[in-house]
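Since the structure comes first, as structure tokens, the remarks are kept for the end.
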Amino acid sequence: MTEAIPAASPRVFSGVQPSGALHLGNYLGALVKFVALQHQMECLYCVVDLHAITAWQDPKQLAAQTREIAAAYFAAGVDPAKAIVFAQSAVPEHAELAWIFNCVARLGWLDRMIQFKEKSGKHKERSSVGLYTYPVLQAADILLYKATHVPVGEDQKQHLELTRDIAAKFNHDFDAEGFFPLTEALIEGPGARVMSLRDGLAKMSKSDPSDQSRINLTDDADAIAGKIRRAKTDPLPLSDSLEDLKARPEADNLVGIYAALSGETKAQVLATYGGQGFGQSFKPALADLLVERLSPVSAEMRRLLADPAEIDRTLAAGALRARAIAGPILAQTKAKVGFVGAA
Ligand code: AMP
Ligand code: TRP
């Protein structure tokens, strides 16, 4: 059997679902962090197509959407020579570990998952069983590589807590202290929770029926400028105190987006634009900044997507590298469970 990978060696894992177009929340909450981390630790970035099919995906679209997420990773700056980038379904070990974890996680734990409640809505009994057990597959994604750090937006906090609960229960039940790490979520940062442009209390989301609520990674300069011009604000001018933003969610969100993109603090943004009406110079400057940052990304995505076979080759090479790590960890896990012929 291959040498065990020390549980404590730092390793990053994260994933994005190929279930629709990416938006500014995905970019700031996830992609920007992916790029920064690849210079610091070993990183695996997955396109989680097994997760995507927990809700209906048109088979004709799924492959295209998978390539689109991969292209977005690369266009944002993820380097496939450094980070391991692959499609989840190409590494069957994910589903196998998820089954074992289905038998570790408790129903009561899953009953508390907010995202399931949000996504299943009023018709829980008509949701797929996969949607219910989705967070267990997510724990398997992470622990299959004994990943120690997971960069995600704030909405994934509860799933990361569940991942730790599953790791701890597995380690305890199978007398394997320290076998799976207690993975840390990397959530902090100004882009951890980007809100809708139409409602400062709702998160920016691909499932929002209004396209005006979000900036898509593929929006052109005119679309971005129009959406920012129409972004909901209140009638007061931007103030120069951070305290004042707390009660003004739409203003807070726009200032937060500006800060995340420019690398400034919100206080610095207010020092420049405070005291003026939103339309005077803040909104135009924000639109310019968004175009400056996002248009090279969408241009590069278009370039990469013109050659889908090359994306498929890169993903296939990534899957091989991922399996080389996953295989031994799954084999050790199966041996701990008591499966004959495992390790
Ligand atoms: P999803 O598109 O749901 O697969 O999410 C992909 C990544 O983007 C995850 O890390 C999410 O936490 C993150 N994310 C999604 N929406 C937002 C948002 N509005 N603000 C910040 N991060 C987000
Ligand atoms: N649930 C995550 C989301 O909706 C996607 C995801 C699946 C993920 N597996 C993961 C994120 C593992 C981080 C690590 O955004």
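The numbers here are math on the coordinates, done by the rules we state, and not lab data. Bear in mind the structure is a predicted one, so any value in this text is a computation, not a measurement. Quick reminder, even Gly has a Cβ in these numbers, built from the backbone with ideal geometry, and neighbours come from all protein chains shown.
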Practice prompt. Could you work out the longest stretch of the chain that avoids the GluC sites (Glu not before Pro) located in DSSP loops with at most 15 other Cβ atoms within 10 Å?
Written response: 4-176
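Can you give the extra length, in nm with one decimal, that the chain gains between residue 169 and residue 303 once fully stretched, where that is 0.36 nm per residue apart less the Cα-Cα distance?
Values: separation 134, 0.36 × 134 = 48.24 nm, distance 4.59 nm.
Taking residue 169 through residue 303 to full extension adds about 43.7 nm, to one decimal.
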Discussion item. Give me the one-decimal nm value for the distance between modelled label points at residue 112 and residue 244, 7 Å along each residue's Cα-to-Cβ direction.
Written reply: 4.1
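Taking the Cα centre of the range 211-302 as origin and charging only Cβ (+1 Lys, Arg; -1 Asp, Glu), how large is the dipole, in debye to the nearest 20?
Details: 11 positive and 14 negative charges, 35 e Å.
Computed charge dipole of the range 211-302: roughly 160 debye.
Under the 0.36 nm per residue contour assumption, what length would be gained going from the current alpha-carbon distance of residue 9 and residue 199 to full extension?
Numbers: separation 190, 0.36 × 190 = 68.40 nm, distance 4.16 nm.
Value of the extension gain: 64.2 nm.
Fully extended, how many nm does the chain gain between residue 335 and residue 268 (0.36 nm per residue separation, minus their Cα-Cα distance)?
On the way: separation 67, 0.36 × 67 = 24.12 nm, distance 5.50 nm.
That works out to 18.6 nm of additional length.
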Discussion item. Can you give me the angle between helix 59-76 and the longest principal axis of the chain, using Cα atoms only, in degrees from 0 to 90, rounded to the nearest 10?
Written reply: 70
Worksheet item: Which angle from 0 to 90°, rounded to the nearest 10, does the C-alpha axis of helix 283-305 make with the longest principal axis of the chain?
Response: 40
Discussion item. Against the empirical 2.2 N^0.38 Å scaling, what ratio does the C-alpha Rg of the chain come to?
Written reply: 1.04
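Show me the ranking of peptides 280-287, 205-212 by mean Cβ neighbours inside 10 Å, starting with the highest. Before the final figure, lay out the partial values.
Numbers: 280-287: 18.1, 205-212: 12.6.
The densest-packed peptide leads the list: 280-287, 205-212.
222 nm [θ] for the chain, helices only, -39500 (n - 2.57) per DSSP H run of 4+, per residue, to 500?
After summing the helix terms and dividing by the residues of the chain, the value is -15500 deg cm²/dmol.
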Fill in: Estimated inter-spin distance, residue 21 and residue 324, nm [label 7 Å along Cα→Cβ]
3.8
Worksheet item: What is the helix-to-structure angle for 249-262, meaning the angle in degrees between its Cα long axis and the longest Cα principal axis of the chain, kept from 0 to 90 and rounded to the nearest 10?
Response: 70
Discussion item. For the pairs 122/203; 33/117; 60/169, flag any whose C-alpha to C-alpha distance is greater than 30 Å.
Written reply: 60/169
Fill in: Given charges at Cβ of Lys, Arg, Asp, Glu: the chain dipole, positive-most of 40, 18, 272
18
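With Cβ to Cβ distances under 15 Å as the rule, what net charge do the other residues near residue 316 carry (K, R +1; D, E -1)? Before the final figure, lay out each step's value.
Values: positive: 67, 313, 321, 323; negative: 49, 307, 310, 312.
Around residue 316, the charge tally is 0.
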Discussion item. Students often get this wrong: which residues of the range 21-49 have the backbone nitrogen under 18 Å from the point 7 angstrom along Cα-to-C-beta of residue 292?
Written reply: 28
